[in-house]
Amino acid sequence: MTRCCLVLGDQLSDRLSSLNYLEPEDVVLMVEVWSEASYVKHHKQKIALVFSAMRHFADELQANGRSVIYVSLTDPENTQSLTSEVERHQRSHRFTEWVLTEPGEWRLKEAFDELKAALPVPLQIVHDDRFICSHDEFQAFLKGRKQPRMEHFYRKIRQSTGILMEGGEPIGGQWNFDHDNRKALDQRATPNPPQWPLDSITKVVIELVNTRFTDHFGVLDGPDFRWPVNREQALLMLDHFITERLPCFGDFQDAMVLGKDTLFHSLISTSLNLGLLSPMEVCQAAEEAYHQGHAPINAVEGFIRQIIGWREYVRGLYWAYMPDYQTRNSLNASWPLPAFFWDESKTGMVCLSEAIRNTRENAYAHHIQRLMVTGNFALIAGCSVTDVCEWYLSVYADAYEWVELPNTLGMALFADDGVMASKPYCASGKYIDRMSNYCKSCRYQVKETETENACPFNYLYWDFLMTHQERFRSNPRMAMILKNLDRFGETKLAAIRSRAMAFRSRIESTGSDVIASSQESLL
Ligand code: FAD
Ligand code: DLZ
Ligand code: SF4
């Protein structure tokens, strides 16, 4: 009567719903498989993180008395897919039942639904209760709403959880302090992320990934690998954030600074998404910091909104709108993603080169780099939605489709026609100049739009608005912007269009926006 629970690589929580179903004699199966490690070419750091965290979690389960079968990537018996490994272990162990916490991605849900029909014994798929909002609660929220909005959802969750609430009212007298959270960074020092010595498990995994995944994107240097691989390290990261970063998190949430890769961001998304931290404990730690007088309300509210607002909301939208959601492309964007997204040395745009360098070196970029630099560029240049979504899913250590897709396809690319965002997050170089110090060292001129050295974000932005103006005119939030466009004369519009075309064809023919210096002198 032995049952088996399959624990996936992002289900590393000791209170995982499926584990609750097990009796002491039951078994846990964990498998490192090629299919999961390569369904997109994940950044090397992401694979190392997942494998190391899986190995640590298996050891912890074993230390707590659980029987664990752990199949490593190089095990000669490994059939290299999650479902075929279940079938293989069913043949060899004849378990009486299988239990699985629902997977986080649609493609795996489908695979396990199929497996359920094929297995000779029952496969029970149970809800993932590591999220605050269940699928049913999210459906109830959507019911009767033509245009669901995160802000309404967020307020409901504040009320149902009591987080940052007092006597039924939001603490601080407002739900949202975003208007205080838009400061560009001054000269102040920013804290270094915490580090801990690499243990033997992580060292072995780094070696494995550097040997087996040589053609995957990204740097994986042992000493610089900083992602928490177990709960203890995740709690250290959280503690570092609460003490060193949270007080400034709000003020500089949208800031970008040359060479400063993490600023005051928390670096906890990988731990949350793997299950090493829970969203409620993270919010409670931030709320406690507010009550202790350690962090101001704009920081604490802004941070908590990211977790119980955005994180829960995108997960709800993903499951509510899939599988149709992944096929949406409402702006018909199809321009192939420029090669410089994989190699920052191929672009002269400092903002992009910084975001891509951070991504390549650290499998990380903070939210404003993802949204307003790489995402904004992809939006206004009309990059292929499929290419862009695949890029985001591949390159970040925290990327899983349930969170990546609504953020990329919906928030950054506006390809879902406004499900996720009420207007496109498109911006010219002016926004980047206001929020960063990038433009000061850029070869392009941020104040120019039509000249040879004009900032590409400027002419691409106006070109994008010209292209989609008919669609956007019905959106009241776009009215002001389109009024500006309407003031441009024919000559200016033609010059913008021609700059945008020349830029695109330069990238199509050379893979780069940079003109080689011999050619440059001829212009
Ligand atoms: P902080 O800035 O410190 O924020 C705190 C936490 O809030 C994060 O750890 C995260 O769990 C949560 N959070 C913040 N914003 C969002 C958001 N928009 N959606 C969901 N959760 C949020 N986040 C991922 O976890 N995985 C992804 O694959 C991912 N892809 C993204 C793609 C695009 C195009 C954009 C614009 C955003 C994406 N995000 C993604 C959201 C966000 O950028 C990251 O969660 C954040 O940068 C992680 O760094 P941090 O932990 O330092 O976050
Ligand atoms: C991301 C990932 C990787 C790289 N490798 C594995 C693996 O070998 N075994 C496994 O069980 N899970 C892995 N994962 C995480 C899964 O892809 C994850 O469960 C899905 O993306 C669903 O969120
Ligand atoms: Fe980016 Fe334009 Fe500023 Fe250069 S000038 S950093 S391309 S916004």
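The values are calculated or read from the model by the stated rules, or taken from the named source; none is laboratory data. Keep in mind the model is a prediction, meaning the values are calculated, not measured. Reconstructed Cβ throughout: ideal geometry from the backbone, glycine too, with neighbour counts over all protein chains shown.
Among the candidates 80, 139, single out the residue that is in contact with a helix residue (DSSP H, G or I) (Cβ under 8 Å, 6 or more places away or on another chain) and part of a loop (DSSP other than H, G, I, E, B).
Values: 139 fails: part of a loop (DSSP other than H, G, I, E, B).
Unique residue meeting the criteria: 80.
Would it be correct to say that residue 425 is within 9 Å of ligand 1 (Cβ to nearest atom) and part of a loop (DSSP other than H, G, I, E, B)? Break it down stepwise before answering.
Working: within 9 Å of ligand 1 (Cβ to nearest atom): yes; part of a loop (DSSP other than H, G, I, E, B): yes.
For residue 425, the condition - within 9 Å of ligand 1 (Cβ to nearest atom) and part of a loop (DSSP other than H, G, I, E, B) - is met.
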query = Within the set of pairs 6+ apart or on separate chains, which have a first residue in the stretch 318-331 that is farther than 11 Å from residue 105 by Cβ, a second that is part of a loop (DSSP other than H, G, I, E, B), and C-beta atoms under 6 Å apart?
reply = 328/415; 328/416; 329/415; 330/415; 330/417
query = Which one of these is in contact with a Cys (Cβ under 7 Å, 6 or more places away or on another chain), within 21 Å of residue 129 (Cα to Cα) and at pLDDT 95 or above: 61, 29, 12?
reply = 29
note = Flagged in the stretch 62-83 as under 29 Å from the mean Cα position of the chain (by Cα) and without any contact (Cβ under 8 Å) to a residue 40 or more places away in the chain, in numbering order, are 83
task = Only one of these is under 25 Å from residue 392 (Cβ atoms), more than 25 Å from the chain's Cα centre (by Cα), part of a helix (DSSP H, G or I) and among the basic types (Lys, Arg): 434, 477. Name it.
result = 477
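Pick from 295, 355, 381, 320: which is away from ligand 3 (no atom under 14 Å from the Cβ) and either within 28 Å of residue 47 (Cβ to Cβ) or crowded, with 19+ Cβ neighbours inside 10 Å (or both)?
Numbers: 355 fails: away from ligand 3 (no atom under 14 Å from the Cβ); 381 fails: away from ligand 3 (no atom under 14 Å from the Cβ); 320 fails: either within 28 Å of residue 47 (Cβ to Cβ) or crowded, with 19+ Cβ neighbours inside 10 Å (or both).
Only one candidate qualifies: 295.
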Residue match in the stretch 254-275 (condition: under 20 Å from residue 163 (Cα atoms), more than 16 Å from ligand 2 (Cβ to nearest atom), among the β-branched types (Val, Ile, Thr) and part of a helix (DSSP H, G or I)) = no
message = Out of 365, 397, I need the residue that is away from ligand 3 (no atom under 16 Å from the Cβ) and surrounded by 23 or more Cβ atoms within 10 Å (Cβ to Cβ). Which one?
response = 397
query = Is there a residue in the stretch 338-352 that is aliphatic (A, V, I, L, M) and without any contact (Cβ under 8 Å) to a residue 60 or more places away in the chain?
reply = yes
query = Can you find a residue in the stretch 264-278 that is of a type outside the set (Asp, Glu) and more than 26 Å from residue 129 (Cβ to Cβ)?
reply = yes
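Checking the condition within 30 Å of the chain's Cα centre (by Cα) and assigned to a helix (DSSP H, G or I), which residue from 46, 41 passes? Before the answer, list the steps.
On the way: 41 fails: assigned to a helix (DSSP H, G or I).
On inspection, the qualifying residue turns out to be 46.
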inquiry  = Please go through the stretch 428-447 and give me each residue that is within 19 Å of residue 482 (Cα to Cα) and either more than 16 Å from ligand 1 (Cβ to nearest atom) or among the aliphatic types (A, V, I, L, M) (or both), ordered by number.
reply    = 428, 429, 430
